[in-house]
Amino acid sequence: MTTENQSDIPETGPGGEGPLHGVLAEYETPGELIEAAKAVRDAGYTKWDCHSPFPVHGLDPAMGIRPTVLPLLVFAAGIAGLGGSILLVWWMNAHNWPWIVAGMPAFSLPANIPILFESTILLAGITAFFGVWALNRLPKLWNPLFKSDRFLKATDNGFFISIEAADPQFERDKAETLLKDAGATAVEAIHLDPDPTRWQIPRPILAFIVITAILGLVPFAFIAKARVTHGDQPRIHVFPDMDFQVKADTQQRLVIDDSPVFRDGQVTRPPVEGTVPRGQLRQDDHFYRGLEGDEWATTFPAQLDIDTSTMDRGHEQYNVYCAPCHGEDGLGGGPIHERALEIQSPEWLMPTSIHDQNVTRQPHGQLYNTISHGIRTMPGYRAQIDEEDRWAIVLYLRALQRSQKALPDDVPPEERAQIR
Amino acid sequence: MSSGTRQLHPDENIKLGKLGPHVFRIALTTGVLFLILTLVMGLLAGDDMTRFFFSYLVGFSFFLTLALGALFFSTIQHLVRATWSVVVRRLTEAMMGTLPLMFGLSLVIIIPMLLGHTGLYAWSDLAYAEDNYFVSQKLGYLNVPFFALRIIIYFAVWIAIAHYFLTRSVQQDQTGDTSIAARMRAVSAPAVIAFAITTNWAAYDIWMSLEPEWFSSIFGVYIFAGAMVALFAALILVCMGLQKRGRLTRTITTEHYHDLGKFLFAFVFFWGYIAFSQYMLIWYANIPEETIWYQMRIEGPWMYVTLALLFLHFAFPFTCLLSRHTKRRRSTLAFFCAWLLVMHWIDLYWIILPTYDDGTIPFHLMDITATLGIGGLFVAVAAHLLGRVDLVPTKDPGLGESLEFENY
């Protein structure tokens, strides 16, 4: 039941008593309470309330209270909890820091449903709890009605209606008559205390609340201080097994019989003999090794889409990995070559031109193999460039080689005029 | 607040009357005809009746879970001293009164097994069992004589509980002796414990052992959850059917439907919760002997059934039953009850039939006819029991409060 705010413009009462807060009427049964509530509702009062020891079915319509908005708030909060936690687990596990555990997908519903479920319930529950408080303007530490001894029965077996003096159409006599005619066993006027300072929260209680709130800030003050100072004591390890884990740190020297994890000095286990990790079978000779049977492949593997985007990817990768030596034009005069000439390096050999007949004659597969494993002084790039990108580079090389033998007809007609 | 003094309305029709024999005749005829039809189709299938037994088990399971749900509902009302439910309790008492019939129907499965039929339970085939390491280790438990003995023990316990609570409840109608209610309350505690143990193990034996390599300790709870969904759905529909025929029209109110609807909603969620709990642990551990059961159900066409259960047995009714308006309006509540009964049947079908064939969905007309046949007998027995008693426990000390019951 909503308890309305206490009167703002109190009417001054007779001597000794404070301003009038309102009138209070007692009824014997829930049924009489409902009938009386209907009468008060129909009389057009707005600042009034019913008080009963337990929820009375049918009282809401009798008082003319509209259905509460709380269920909608709870539902919305539940949906927000669900959506928010989906976003949370997706962002943490699959987007910001993808981490594969036990071979399970980075973002998988089965593993996360408990989290989604709990956050849905949590937000809905918190909203329901605090929603009730907010909608009823709780906590309310004190109400003028508490001054009435009769009102104590409201938590036991008494049923009450109170009409506040702040109601725009409040007139004490009319209100009392209305309540009495509706079957009240007793009607009394409730006055505020004559001393206005006593309408507020008592000083000691207020002081207690303020002091508690200030003391509550102390831990945060320590945290804030710790961020800008230093101490000579070692830090406290709240969870020592998390701070000192059984693991090998980066660049830690591992000695046989001294590994923190396994006795042979390793921290991970090698694959079981005769097994292949998932996704690492690499059985396709054409794609992985550039072979068709025993011969170098003369075609591109089926995995590669021969299109502009692959060509662009090859161009990009070529400029990153190949052009420093071979030059962007492929003639062998890249920046490293120029620098070697500048410092007159005695060991330097000019990089091969990719337009050399020895290179242009080579099948696709052989070029792929050269990129993978290197040749003469050129190192292999299989660790840096993955298979698909190596094939994209081969594709780009072919385009580059073709460009050296281009005829005017190869240029689109509308751009031919630019050729000088 | 409830004083519990309200009486049954003097003009209330609390007897099944002529409706009893009428339903009994129609249901019995339907049941016998469809069972004969199923048997003929089974014989014509020419697979040594194997397909017949799978269809039969689906129908048998559907009505066994219904009867077990009724048994649990009737006993737990005494245990928790519930009064709101008194007006519908006689109906569930009649449903659990069909357990002797269900025992008779279980013999159709057990006797052929004792005679050496091995089509339904793979472990009953010794050649298969000894060839399979996991199953061979379980033969001390999974063997036909012990299996038959266990089924008989389960039914003995269930029938004893059902008989006790049905006869005492009717006895109280006649004598008005309220100490009977107190005695039923005392017996209900051990009865619920006995129910929990037997139903759990029956679930392992009847449904889980269809896949003898596989095991899941939560499986009994899963079956229980489905059974309760089916019970509340069926109970609500029975109440509505009776009211349409002019029985109990002033006794069962929107408030009772609302509460039954809340239970229906709660058990829809409980079913989803248990189903997921079982799935998640198996998914996470990823151990072959556990995942095999789900693998059969998520590869190939069974995946569609699995997804249908997720969305149509759980998500759809859950979302719709969330609102109190759905539960208080009879047409929507009736729709979801019928819907969930169909879903419960599909759930059982999904539990049982992949054992027969996990590559396709091996639907056969017998699946329907067997269910209708067993259902006919089930309804006939329940109608026969109800025809001899009042439709509400007229002298139950909680009846007044039940009649006054209102949701706040």
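The values are calculated or read from the model by the stated rules, or taken from the named source; none is laboratory data. All figures in this text were calculated on a predicted structure; none of them were measured in a lab. All Cβ positions, glycine included, derive from the backbone under ideal geometry; neighbour counts span all protein chains shown. What goes into the accessible areas is simple: the full protein's heavy atoms, side chains included, and nothing from ligands, DNA or RNA. Shrake-Rupley method; radii C 1.70, N 1.55, O 1.52, S 1.80 Å.
Rounded to two decimals, the Cα-based Rg/Rh of the stretch A:363-404, with Kirkwood Rh, is 0.98. Charging the Cβ of each Asp and Glu at -1 and of each Lys and Arg at +1, and nothing else, the dipole of the stretch A:1-211 about its Cα centre rounds to 840 debye. When the charge dipole of chain B is built from unit charges on Cβ atoms (+1 for Lys and Arg, -1 for Asp and Glu) and taken about the Cα centre, the candidate among B:Y294, B:F195, B:F232 whose Cα reaches farthest toward its positive end is B:F232. With contacts taken as Cα pairs under 8 Å at a separation of at least 6 residues, the stretch A:1-211 carries a relative contact order of 44 percent. The magnitude of the dipole of the protein assembly as shown, with charges of +1 and -1 set on the Cβ of Lys/Arg and Asp/Glu and taken from the Cα centre, is near 2440 debye. Among the trypsin sites (Lys or Arg not before Pro) in the stretch A:136-193, those located in a DSSP loop and surrounded by at most 16 other Cβ atoms within 10 Å of their own Cβ are A:R137, A:K140. Estimated from helices alone, the mean residue ellipticity of chain A at 222 nm is -11500 deg cm²/dmol (sum of -39500 (n - 2.57) over DSSP H runs with n ≥ 4, per residue). Taking every alpha-carbon pair under 8 Å whose residues sit at least 6 apart, the stretch A:324-385 reaches a relative contact order of 22 percent. Chains A and B together bury roughly 1200 Å² of accessible surface, counting both sides and using a 1.4 Å probe on protein heavy atoms.
By the rule of a C-alpha distance below 19 Å, with chain neighbours fewer than 8 residues away ignored, the aspartates and glutamates paired with B:K395 are B:D11, B:E12, B:E93, B:D173, B:D177, B:E404. In the protein assembly as shown, taking the dipole from charged Cβ atoms about the Cα centre, the farthest positive-side position among A:A111, B:L19, A:P144 is held by B:L19. Averaged over its residues, the stretch B:6-141 has an accessible area of 43 Å² per residue, based on protein heavy atoms and a 1.4 Å probe.
Taking the protein heavy atoms of chain B in the context of the full set of protein chains, the accessible area attributed to carbon and sulfur is 67 percent at 1.4 Å. Placing +1 on the Cβ of every Lys and Arg and -1 on the Cβ of every Asp and Glu, with nothing else charged, gives chain B a dipole about its Cα centre of roughly 1880 debye. Rounded to the nearest 500, the helix-only mean residue ellipticity at 222 nm of chain B stands at -24000 deg cm²/dmol, with each DSSP H run of n ≥ 4 adding -39,500 (n - 2.57). Dipole of the protein assembly as shown computed with +1 at Lys/Arg Cβ and -1 at Asp/Glu Cβ about the Cα centre; of A:L400, B:G69, A:A43, farthest Cα towards the positive end is A:A43.
Loop-located GluC sites (Glu not before Pro) in the stretch A:288-348 (DSSP state not H, G, I, E or B) with no more than 11 neighbouring Cβ atoms inside 10 Å: A:E347. For the stretch A:112-258, a Kirkwood radius taken over Cα pairs fed into Stokes-Einstein (4 °C, viscosity 1.567 mPa s) yields D = 55 µm²/s. Along chain A, the exposed loop sites are chymotrypsin sites (Phe, Trp or Tyr not before Pro) outside DSSP states H, G, I, E and B with at most 10 other Cβ atoms within 10 Å, and the longest stretch free of them is A:245-420. Per residue, the accessible area of the stretch A:74-147 comes to 64 Å², computed with a 1.4 Å probe over protein heavy atoms only. The modelled label-to-label distance for the pair B:S331/A:I336, using points 7 Å beyond Cα in the direction of Cβ, is 8.0 nm. The stretch B:63-102 has equivalent-ellipsoid semi-axes of 19, 9, 7 Å, by the square roots of 5 times the alpha carbon gyration tensor eigenvalues, sorted largest first.
Calculated from the alpha-carbon coordinates, the protein assembly as shown shows an Rg and a Dmax of 39.8, 119 Å respectively.
Size descriptors for chain B: radius of gyration and Dmax over Cα atoms are 21.5, 69 Å.
Looking at the square roots a ≥ b ≥ c of the eigenvalues of the Cα gyration tensor of the stretch A:276-385, which shape do they give, rounded for a/c under 1.5, prolate if a/b is larger than b/c, or oblate? Because a/c hits 1.5 or more and a/b exceeds b/c, the stretch A:276-385 counts as prolate. Taken over the Cα atoms of the stretch B:336-408, the convex hull encloses 157 Å³ per residue. Taking 45 Å as R0, compute the FRET efficiency from the Cβ-Cβ separation of B:H9 and A:I201 and round it to 0.05. Plugging the Cβ-Cβ distance into 1/(1 + (r/R0)^6) gives 0.25. The stretch between B:I368 and B:A308 holds 19.7 nm of extra length on full extension. This uses 0.36 nm per residue minus the Cα-Cα distance.
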